[in-house]
Amino acid sequence: MNQDNFHSRHTSHDYSLHSHKFEEYAYVLDFSLRGKSTTIRGREGIIIQAIGENRLTLLELLGIQNVNFEIGERVYIGKEGRNKIISVLGKLQYESISQSAKNELPSIVENIVLANEERFVSYINSAQPITPRIHSLELIPGIGKTYMMSIINDREKEKFSSFSDIQSRIGLKDIHRLVAKRIIEEITKETRMTLFVGR
């Protein structure tokens with residue numbers, strides 16, 4: 001099978017959330033100025049634990065020496081023109097990130113959800129049933145059957161435009177927190193099914 005066929009077959013059903021195969025940006029969870037890589041043996045330097053903005057996977061990055069990093073900072077990790085990151089060393093499991101990174105994760109994920117509001121509102125506008133008995137919206141903490149039905153009925157009349165639009169029309173508060181909570185459950189593998197996190 002040639003590469004193009006393979007590519008089109010595997011991207012056509014890809015969710016809009018994961019439209020990029022590779023991450024362009026990541027948020028810094030923790031870093032060590034004289035660290036040792038856990039994914040590549042013998043690699044040392046500024047080792048950064050981060051979360052990708054698009055696929056929300058945990059990543060290990062190698063930073064450029066003598067550059068300042070801050071927790072929660074958004075750094076460019078795309079193909080062209082990186083100015084702070086040398087390379088993406090690999091993916092990390094939740095168990096292998098530092099305690100400090102684990103502590104930062106919930107607030108940084110909330111920031112990502114808020115910064116990408118349009119993407120997550122679009123998900124709520126288009127989410128579908130997973131099985132005849134379970135709707136993907138119900139898998140977001142805090143959205144039970146009642147809110148789910150309200151969302152589905154209301155979005156048919158008019159798509160939601162923002163988190164505050166959902167709140168004013170449905171009465172569901174702090175949706176960014178509920179989505180962030182779901183993302184954390186997926187990252188920590190408390191749940192097997194993923195709505196938001198790329199595997």
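None of the figures in this text is laboratory data; all of them are computed from the coordinates on show. Bear in mind the structure is a predicted one, so any value in this text is a computation, not a measurement. Glycine also receives a Cβ, built like all others from the backbone with ideal geometry; neighbour counts cover every protein chain displayed.
General observations
- Glu138/Arg192 FRET efficiency (R0 22 Å; Cβ-Cβ; nearest 0.05): 0.90
- Whether the stretch 129-192 is rounded, prolate or oblate, judged on the alpha carbon gyration tensor where a/c under 1.5 counts as rounded: oblate
- For the stretch 47-135, trypsin sites (Lys or Arg not before Pro) are listed when DSSP marks them as loop and at most 11 other Cβ atoms sit within 10 Å of their Cβ; the list is Lys79, Arg133.
- Taking amide H as placed 1.01 Å from N in the peptide plane, His135 has its amide H under 5 Å from the amide H of Ile130, each at least 5 places away in sequence or on another chain.
- Interchain or long-range residues, amide H under 5 Å from Thr57's placed H: Gly52, Gly198
- GluC sites (Glu not before Pro), loop per DSSP, at most 16 other Cβ atoms within 10 Å - longest free stretch of the chain: 81-157
- Summing Lys and Arg as +1 and Asp and Glu as -1 over all other residues whose Cβ lies under 11 Å from the Cβ of Thr39 gives a net charge of +3.
- Expressed to the nearest 5 percent, the antiparallel share of DSSP beta bridges inside the chain is 100 percent.
- Value of [θ]222 nm, deg cm²/dmol, for the chain, DSSP H segments ≥ 4, -39500 (n - 2.57) each, nearest 500: -11000 deg cm²/dmol
- Stokes-Einstein diffusion for the stretch 25-97 at 4 °C, viscosity 1.567 mPa s, with a Kirkwood radius from C-alpha pairs, works out to 108 µm²/s.
- About its Cα centre, the stretch 117-187 has a charge dipole of approximately 160 debye under the convention of +1 per Lys or Arg Cβ and -1 per Asp or Glu Cβ, with nothing else charged.
- Calculated from backbone phi, Karplus (6.51, -1.76, 1.60) coupling profile of the stretch 55-71 in Hz, x at Gly/Pro: 8, 6, 9, 7, 10, 10, 10, 10, x, 6, 4, 6, 10, 7, 10, 10, 5
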